[in-house]
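Student: Below: one structure in structure tokens.
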Amino acid sequence: MRADYAALRKTIAALTEGETDEVALMATLACEIHHADDRFDWTGFYRVTEPELLKIGPYQGGHGCLVIPFSRGVCGAAARSGEVQLVDDVEDFPGHIACASSTRSELVLPVFDSAGAVIAVLDIDSDQPAAFETADAQALAAILEDVFAR
């Protein structure tokens, strides 16, 4: 099953209306996004907890890495650059951090607050190579903006 992003966006908007706690919002999004698409093997947030450092936040799936510096991995690259990272083959990404050996491809989106600061990244891993497309990134970025940048 592929995500119906229009329906997912409406569901998330309804579930998060009026909520301001970032962790509660992240938990809700991780759950809803993870179960929306069969390609999504691990779905979660890494939160910016101090300068240049990400720590695990709410997620769905197997065990994740606890701490990721901005200088390492796909998540670090997204946090450092503020740009979406769409990786068809994680083995080809210099400095990839293998939190799970099953991960073949990865999509990581920076999460911005209303002031435009990166507060987290949304990390989605797949056990399939080249599982993600630009359309996935665009739809998920719109959902993140709705929830965190309002």
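Read the figures in this text as sums done on the coordinates, not as results from a lab. Note that the structure is a prediction, hence the values are computed from the model and not measured. Cβ: placed from backbone, ideal geometry, glycine included. Neighbour counts: every protein chain shown.
Student: Rounded, prolate or oblate for the stretch 60-134? Axes are the square roots of the Cα gyration tensor eigenvalues, ordered a ≥ b ≥ c, and the cut-off for rounded is a/c under 1.5.
Tutor: On the way: a/c = 1.70, a/b = 1.50, b/c = 1.13.
It is prolate, given that a/c is not under 1.5 and a/b is the larger ratio.
Student: From the Cα gyration tensor of the stretch 1-79, with a ≥ b ≥ c the square roots of its eigenvalues, which class applies: rounded if a/c is under 1.5, or else prolate if a/b is larger than b/c, or else oblate?
Tutor: oblate
Student: Non-local amide H neighbours of residue 104 (under 5 Å, H modeled in plane, Pro and chain starts lacking H): which ones?
Tutor: 126, 127, 128
Student: Report relative contact order for the stretch 5-148 in percent, whole number only (criteria: Cα-Cα under 8 Å, sequence separation at least 6).
Tutor: Details: 282 pairs, mean separation 32.2, N = 144.
Reported relative contact order: 22 percent.
Student: Something else: Sort 134, 103, 28 by Cβ crowding within 10 Å, fewest neighbours at the top. Don't skip to the end; give the middle numbers.
Tutor: Values: 134 10, 103 23, 28 17.
The most exposed by this proxy come first: 134, 28, 103.
Student: Something else now. Over the Cα atoms of the chain, what radius of gyration and what Dmax do you get, in Å?
Tutor: 13.9, 41
Student: Moving on to the next point. Please state the relative contact order of the stretch 73-126 as a whole percent: Cα pairs under 8 Å, 6+ residues apart?
Tutor: Once normalised by length, the contact order is 36 percent.
Student: What's the local net charge at residue 125, with K and R +1, D and E -1, over the other residues with C-beta under 10 Å away?
Tutor: -2
Student: Of all alpha-carbon pairs in the stretch 43-101, indicate the percentage at a distance above 16 angstrom.
Tutor: Value for the stretch 43-101 (Cα pairs over 16 Å): 41 percent.
Student: Got a sec? Charge dipole of the chain, +1 on Cβ for Lys and Arg, -1 for Asp and Glu; which of 63, 119, 99 is way out at the positive end?
Tutor: 119
Student: Can you tally the net charge around residue 92? Count Lys and Arg as +1, Asp and Glu as -1, for every other residue whose Cβ sits under 13 Å from the Cβ of residue 92.
Tutor: So the surrounding residues net to -3.
Student: Please list, ordered by chain and number, the residues whose modelled amide H lies under 5 Å from the amide H of residue 42; skip anything fewer than 5 residues away on the same chain.
Tutor: 125
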